Every structure is written in structure tokens, then in C-alpha cells.
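Working notes for the structure below.
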Amino acid sequence: MSGGDLTPRIVELIADVLQVEVPTPETDLIDAGLIDSLALVSLIGEIEHEFAFLLPLDDFDLDRFRTAEQIAAFVAASAAADGVGTPAA
Amino acid sequence: MSPIRPLVPDDLAAVAAIYADFDGRSRSEVPRLVEYFERAVLADPAADPEIPSLVYEDRGDGVVGAIFSHVRRFTDGERPVRIAFSGPLLARPDHRRRGVGALLLRRYLAGAQDVTATDGAVDEVQAMWQGLGGSTHAAASVGWGRVLAPAGFVAGGLARKLGERNGPAPGAPLLAKVDARASGRLLPAAPPGSVSELTPHALIDLLPRLKRQLSLRPAYDERYLDWLFSELAVARVPGDPVRRMVFDGDGRPAGSYVMFVAPGGIAQVVQVAAVGDDVAMTFDHMVRDAAARGAVEIRGRVETHLLAHLRRMRCRMIPTEWTLVHSDDPALLATILSGRALFTRLDGEWWMQPHTRRPVASAGQSARG
């Protein structure tokens, strides 16, 4: 399963956690002002809880966390690297 | 490659500039801030290369955020424990909404320390810590206070509202006469025993005596305490540091206290090291000492081992900064949160913030966030 398959779930999580409707999966959440420190903490925590693994600390690249689409790809890649396999959407 | 890495001395100018901007200071204060960070962070004898201060380095803009690390050595029974107090958490304003502060804090919490803590957090930082699995130390997030000289207290409060700094109020001699008449009711009776200067050696000898009630306690050594006491002497907390050892009527060490006392202002307690019945004696000596030095009110942070005495003294409770803790060790966390620890402001960073240091010209808001 690719990041693309996870995108709808990430959009849903953002809506649940941040109370924000993402206009499109390509919307830049940082440019749109939807992510600040608190929002990021909430989102990371919820993603880790939802998909049951820890996002990487060392190579956490914020530029890969700008859109729902990128987040989904990042989650898929991180989960694969973590050895837990691709999370289910 | 991670944008987060350990802070090196060459980063300090950039970090100090972020701090100055955030705090609304002139860039001319940057050298003083650099001097502070060099002395209070890099030259800290307890600094631990495994638990460094961190910076966030953006590919284009260079250093855009930092979190400072103050490592403190404790012992839990015989087990060494490293507690990392996070100092200022800084992010350049144009990078703040990118979550730089959260990423720095997340990385810092995952460090080699046994416990991470802060004792000066504002609401936003508290929410961030909770989101990252931290706990609020409820008792230590409340302050206590007791008025020692009511006329001076009221006059001092009015003076502060008018923008004057903590210190003697106008008409101080007259107010002193009024307060002298009230002191018999407000001050505890003279306790037995005696006090003397608290030396590093005396404090190191005292702490093991507290171990039955306070299993987790600082593991001081003389070099560290020499440094700590020299830092107290230059802190910008209003007033002068006062360190005293208390002995009972038989000359036995009963406890110790450390506070800042501003004549005509507030005495701020940063540590009371005593347990059981010795708390009352130590506390009473401290309160009378603060009053004798001209403080109109004495304040501190609630520590669980002091709670019963604070209640007996009918101290008022005061909102204060959040004290937050984070640990993967539930037993250690329980020890701290349940009050079986000598976990005081003296070992935290509440009094160490750059805005509280004498070399910096103006006071301002903490740059946490």
C-alpha cells in the first residue's frame, strides 16, 4: 500500500485532530497557516497512535509534512523503514 | 540529514539574536546574552554531552530555533538519575508556525536523560508537553505566599502597579512602625536552635539525612554547588540570595533553606530541605529571617513535603508557572509526582532565565514557546 492509499485517512485525521477541513490533499498546511507547534504535536501524536509506530526523530523532515499527500507518503515510508510494514488505511 | 543537532559555541550569537528579537530587546544585548549562555549553559559543571542543548538549522536560514539543556544529577536510593531541565525553547518567528519548537522539544524529550522537566512553562508550552506525553506536576504548579508586613505589602503592591520595581515602598519608615505592631501576630514564634551560612559541604552532608522520606534527591558535589551558588549571586531575581543551615537546640542539622530576599519587597524561596518535624523549625527560621531582612511577603512553590506546614501556616495559594515532567520510567515519575522527591526550584531553571540575570539591562517576558 502506498502513501496515496493513506491520504484519505490523513485528511480525516487532520479534520479530527486540528478541526480543519483540508481543501485538497495538495494544500500546503504550513503556507495555509494550519500547522504550528501545537498542531504539529497533536498531529504527530495522533498519527503515531493511529498507525501504532513512532515517526522518526532523526530524519524528521518538515518539508515532507506540508500536505496531506506528503504526510501520507512520509507515514508509509517511515512505517516501512521502521519494519512494521505499510499501515492500513 | 536531521535539521536538529547539538548546539555548539558558534551557534550562540544566532540563538541570542533570536532570544533578543522574541523578547523585544535591542540587538545590542546579544553579547550579554551570549555571555549568559556561555556561563550558565556551556560552563555548567553538570553539563552532559549526552544530553546537549539543541538547535534547529534550516537549510536556507541557518539556526532558527534552540532548546537549552540544564542537566542535574540526582539519586533515587542508590541509583543515579539524570534530570534534564529544558531551558528556553526558542523559534524564530518566521519559522515558529512550521513547528520548529515542537520538533526541538520532541527530540529533547527523547534524549538520554531519565527525566525531563521544566519549572517555568507558560500555557502554550504546557499544552505542547502534554501532547508529547509529559505530565503536569500539579502541586509544583501552584505557588504559596504569606504576608509578613501588611502595610508594606499593600504599599509595595501599589508601587509596583505604578511601575516601580520590587523594593522599598514610599514612606517605608512609617510603614515599618505599623508593621512592627502587626508582626507579633504574623510571624511564627522564635523557634529553638540556630542558623548559620549554608556551605556546599553542609548541604551535601544534609541531604542523605532526608532519604527515608525523599528517596529522590539531588546528588550535589562541591564543584557543582560552588558554581550554583555563584550563579545565584548574579541572578536577576529581585533581592539577594540567602542560604542558611538550621540546627536544632542540640546542634543537630535540621534543615536548610535558600531564598532571594528583597528588602521592602518579596522573599522568593527556591529550596527548603527538611522533612518531618524539622520542616516547621526550618520554615519558621526562614520566615523570621525574611521578615528581619525587610521582606513584606514570602513566596515559594508548593512542594509536597512542605504541604502540611503550608496548610498549618494558612499560606495563600498563588498561580505560578507550570512545572512539567516527562519520563519513560513510571516508577520514577510516580516518585516525583507523589512528592517523594526533593525536587525544588533551586535545581530547576525558574531562576536562571536570561531575563532574570543582572547583566541584562531590562526585564521581560520569558521566550518560551
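Hey, does region B:44-61 have a residue that's in the same structural domain as B:Ala102 (by TED's automatic domain parsing), out of contact with any strand residue (DSSP E or B) (no Cβ under 7 Å at 6 or more places or on another chain) and open to solvent by less than 30 Å² (accessible area, probe 1.4 Å)? Walk me through it before giving the result.
Initially, region B:44-61 is screened for residues in the same structural domain as B:Ala102 (by TED's automatic domain parsing), giving B:44-61.
Within this subset, residues satisfying the condition of being out of contact with any strand residue (DSSP E or B) (no Cβ under 7 Å at 6 or more places or on another chain) are B:45, B:49-50, B:59-61.
Add one more test, that the residue is open to solvent by less than 30 Å² (accessible area, probe 1.4 Å), and what stays is none.
No, every residue in region B:44-61 fails to be in the same structural domain as B:Ala102 (by TED's automatic domain parsing), out of contact with any strand residue (DSSP E or B) (no Cβ under 7 Å at 6 or more places or on another chain) and open to solvent by less than 30 Å² (accessible area, probe 1.4 Å).
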Item to check | One residue from B:Ala102, B:Ala140 being open to solvent by less than 10 Å² (accessible area, probe 1.4 Å) and more than 10 Å from chain A (Cβ to nearest Cβ) | outcome: B:Ala140
Item to check | Any pair with Cβ under 8 angstrom, 6 or more apart, that starts in region B:276-288 at a residue that is over 14 Å from B:Met259 (Cα atoms) and ends at one that is open to solvent by 30 Å² or more (accessible area, probe 1.4 Å) and not small (Gly, Ala, Ser) | outcome: B:Gly276/B:Gln213; B:Val279/B:His305; B:Ala280/B:Arg312; B:Met281/B:Pro192
Item to check | Meets criteria (surrounded by fewer than 16 Cβ atoms within 10 Å (Cβ to Cβ) and at pLDDT below 95) for B:Gly239 | outcome: no
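Restricting attention to region B:19-33, report how many residues are outside any loop (DSSP other than H, G, I, E, B) and either more than 23 Å from the chain's Cα centre (by Cα) or closer than 25 Å to B:Arg73 by Cα (or both). Walk me through it before giving the result.
At the first step, the residues of region B:19-33 found to be outside any loop (DSSP other than H, G, I, E, B) are B:19-22, B:27-33.
Checking which are either more than 23 Å from the chain's Cα centre (by Cα) or closer than 25 Å to B:Arg73 by Cα (or both) leaves us with B:21, B:27-31.
Looking only at that region, the number is 6.
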Next on the checklist: Being in a helix (DSSP H, G or I), crowded, with 18+ Cβ neighbours inside 10 Å and basic (Lys, Arg) is the requirement here; does B:Arg223 meet it?
Outcome noted: no
Checklist entry - B:Arg311 versus (1) part of a helix (DSSP H, G or I); (2) more than 19 Å from B:Leu210 (Cα to Cα); (3) in contact with a Phe, Trp or Tyr (Cβ under 8 Å, 6 or more places away or on another chain): which is the lone unmet condition? => result (3)
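Scan region B:107-124 for residues that are open to solvent by 10 Å² or more (accessible area, probe 1.4 Å) and either at the interface with chain A (Cβ under 7 Å from one of its Cβ atoms) or under 23 Å from B:Gly24 (Cα atoms) (or both) and jot them down. Give the steps one after another, and end with the answer.
Here is the first cut: in region B:107-124, the ones open to solvent by 10 Å² or more (accessible area, probe 1.4 Å) are B:107, B:109-114, B:122-124.
Answer for region B:107-124, where residues must be open to solvent by 10 Å² or more (accessible area, probe 1.4 Å) and either at the interface with chain A (Cβ under 7 Å from one of its Cβ atoms) or under 23 Å from B:Gly24 (Cα atoms) (or both): B:Arg107, B:Ala110, B:Val122, B:Asp123, B:Glu124.
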Checklist entry - Can you tell me which of A:Ala76, A:Ala39 is modelled with pLDDT of 85 or more, closer than 23 Å to B:Leu132 by Cα and part of a helix (DSSP H, G or I)? => result A:Ala76
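Report, by residue number, each residue of region A:27-82 that is among the hydroxyl-bearing types (Ser, Thr, Tyr) and at the interface with chain B (Cβ under 9 Å from one of its Cβ atoms). Steps first, answer last, please.
Within region A:27-82, the subset among the hydroxyl-bearing types (Ser, Thr, Tyr) is A:27, A:37, A:42, A:67, A:78.
Hits for region A:27-82 are A:Ser37, A:Ser42.
When region B:47-65 is examined, which residues are found to be part of a strand (DSSP E or B) and within 14 Å of another protein chain (Cβ to nearest Cβ)? Before the answer, list the steps.
So the first thing to find is which residues in region B:47-65 are part of a strand (DSSP E or B), and the list is B:54-58, B:62-65.
If the condition is that a residue be part of a strand (DSSP E or B) and within 14 Å of another protein chain (Cβ to nearest Cβ), then B:Leu54, B:Tyr56, B:Glu57, B:Asp58, B:Val64, B:Gly65 are the ones that fit.
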Next on the checklist: Looking at region B:82-93, can you tell me whether even one residue there is modelled with pLDDT of 95 or more, more than 14 Å from chain A (Cβ to nearest Cβ) and open to solvent by 10 Å² or more (accessible area, probe 1.4 Å)?
Outcome noted: yes
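Pick out the one residue from A:Phe60, A:Phe53, A:Phe65, A:Phe74 that is over 11 Å from the mean Cα position of the chain (by Cα) and surrounded by 19 or more Cβ atoms within 10 Å (Cβ to Cβ). Reasoning before the result, please.
Values: A:Phe53 fails: surrounded by 19 or more Cβ atoms within 10 Å (Cβ to Cβ); A:Phe65 fails: over 11 Å from the mean Cα position of the chain (by Cα); A:Phe74 fails: over 11 Å from the mean Cα position of the chain (by Cα).
When all the criteria are applied, what remains is A:Phe60.
The values are calculated or read from the model by the stated rules, or taken from the named source; none is laboratory data. Predicted model, so just to flag it, every value in this text is computed and none were measured. FYI the Cβ positions are ideal-geometry reconstructions off the backbone, even for glycines, and counts take in every protein chain you see. All accessible areas refer to the heavy atoms of the entire protein, side chains included, with ligands and DNA or RNA removed. Shrake-Rupley method; radii C 1.70, N 1.55, O 1.52, S 1.80 Å.
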